[in-house]
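K.L.:
Handing you this structure, nothing more for now.
A short reminder: the numbers here are calculations on the coordinates, not readings from a lab. As the structure is a prediction and not an experimental result, all values here were calculated from the model. With ideal geometry, Cβ positions are generated from the backbone for all residues, glycine too; neighbour counts draw on all protein chains shown.
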Amino acid sequence: MKTTKTRFCLKSILASSLVMGALATTSAEAATVLRIASQHAPDQYASEVLRDIKKELEGAGVDLKIKLYPAGQLGSGEQLLGEAVRGSIDIVHSFVYSHKDPVLEINSLPYLVSNYDEMEKVFSPGSNFYSIFDQRMDKIGLKLLGVTAEGFIGVMSSSTPDNYKDTGAKGQNIRVWSAQSAKLATQDMGYNTTTIDWGDAFPAIQQGVVDGMIGATPEATYTTFKEAIKNYVPYNAFVENYAYYASKKTWEKKLNEEQRKVVSEVFAKAAAKFVDWSRQNDAANLKKLEEFGVAILPISDAERGAIAQEIRNVTWPKLEDRLGKDVLQQITADLN
């Protein structure tokens, strides 16, 4: 009798275990796995935010499982964009390149914004810039989830430029990246320019090949270039900006309505935090540069605003053929 009861109990336990295992397997299979790739190093603020996003999405109770791939593990920014269009990567946090649509280069417009209030307005849903960016990304198969503004870009140099408070000739030749908008704007600001890759910029400044460079936030200037320079002008000429975006194939075929709502809300909230972080991070790193011995050449809001207006008046028309006159007019309206 005891043996029979024992066998019965064992069979019951085994049956219960199989049922529970089947339920667990079904639950695991039900979870939607999202591959999220980024360009930021694991110790950067943006990566910290992505880790928080992972926790929020997985804890939202909508059956999402997140796999993070930071620091370009799945490819360059251009490659990530292509893979997202194809649907092999679900969500990306990276700079949006314009190789699939030249109008996307509006994210590299010189003096698109010149202060943090403008930054918050223009890079948020509701602005003309955001609407145009959203529409153009949609056309190539991507769903915009948010724009992250990660700091203003100024000019660093190994000597003091002439006329640095206006657009007069600076008497300097500085490194610029390959975008046409960057070349034109820097020249219209009064600098001579030479195109040099980021990785070659430090030795180029140190060896006197160029007098300085444009293309780095205060943070990047401090962490990478401080030993090679003597001055930094916080022109706020460009914004170091990235975007959260999803594959439309993922958005439309892989996620249900409840999951899409959660993903939209979580990424929008994360993107909205970046302006305040940029304001604090830029200020903190300008202070670090000063403490290291790099002179922060003073420029007032009025002087910076005058330079910004001149670049919009002089440089932007040169970009009409590439970006469209109507597009530039709509973006200009954001600043009024």
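K.L.:
Explain nothing, just compute: Karplus ³J(HN,Hα) = 6.51 cos²θ - 1.76 cosθ + 1.60, θ = phi - 60°, for every residue of the stretch 48-65 in order, whole Hz, x for Gly and Pro.
P.N.:
Once θ is set to phi - 60°, the couplings for the stretch 48-65 become 4, 5, 4, 5, 5, 4, 4, 4, 5, 5, 6, x, 7, x, 10, 6, 10, 10 Hz.
K.L.:
Give, as a single signed number, the net charge of other residues whose beta carbon lies under 10 Å from the beta carbon of R175, with Lys and Arg counted +1 and Asp and Glu -1. Present the calculation step by step, with values, prior to reporting the outcome.
P.N.:
Values: positive: none; negative: D197, D200, D211.
Within the 10 Å Cβ shell, the charges total -3.
K.L.:
Can you sort F202, F133 by how many other beta carbons sit within 10 Å, fewest first?
P.N.:
Numbers: F202 17, F133 22.
Lowest to highest Cβ neighbour count: F202, F133.
K.L.:
If you don't mind, another one. Which FRET efficiency, nearest 0.05, do A30 and K139 yield, Cβ-Cβ r, R0 30 Å?
P.N.:
Details: r = 33 Å, r/R0 = 1.09.
For R0 = 30 Å, the calculated efficiency reads 0.35.
K.L.:
Would you look at the GNM of the chain, springs on alpha carbons closer than 10 Å, and say which of D43, D282, D134 moves the most?
P.N.:
Answer for the Gaussian network model of the chain: D43.
K.L.:
Something else about it: P(r) for the stretch 125-214: what percent of alpha-carbon pairs falls in each 10 Å bin, starting at zero?
P.N.:
It works out to 16, 35, 24, 20, 5, in whole percents.
K.L.:
Report the Cα-based extents of the stretch 90-161 along its three principal axes, largest first, to the nearest Å.
P.N.:
The Cα atoms of the stretch 90-161 stretch 46, 26, 21 Å along their principal axes.
K.L.:
Going by alpha carbons, how many degrees (0 to 90, nearest 10) lie between the helix axis of 301-314 and the longest principal axis of the chain?
P.N.:
90
K.L.:
What is the set of long-range amide H partners of T32 at a cut-off below 5 Å, with H atoms built 1.01 Å from backbone N?
P.N.:
Sorted by chain and number, the residues that satisfy this are L64, K65.
K.L.:
Name the long-range amide H neighbours of A216: under 5 Å, sequence gap of 5 or more, or other chain; modelled H, no Pro or chain starts.
P.N.:
G154
K.L.:
Give the long-range amide H neighbours of I89: residues separated by 5 or more places, or on another chain, with amide H under 5 Å away, using H modelled in the peptide plane at 1.01 Å from N.
P.N.:
A84
K.L.:
What number comes out for the charge environment of K249, summing +1 per Lys or Arg and -1 per Asp or Glu over other residues with Cβ under 15 Å away? List each step's numbers first, then the result.
P.N.:
Values: positive: R35, R86, K139, K143, K248, K253, K254, R260; negative: E83, D90, D138, E252.
So the surrounding residues net to +4.
K.L.:
Net charge around P218, counting only other residues with Cβ within less than 14 Å of its Cβ (Lys, Arg = +1; Asp, Glu = -1)?
P.N.:
Values: positive: K226, R279, K287, K288; negative: E150, E219, E240, D282, E290, E291.
Here the count lands on -2.
K.L.:
Taking all pairs of distinct Cα atoms, average 1/r, flip it, and tell me the Kirkwood hydrodynamic radius of the stretch 31-334 in Å to one decimal place.
P.N.:
Working: mean 1/r = 0.0500 Å⁻¹.
The answer is 20.0 Å.
K.L.:
Nearest 0.05, what FRET efficiency do W198 and T160 give at R0 = 30 Å with Cβ-Cβ as r?
P.N.:
After rounding to 0.05, the efficiency reads 0.80.
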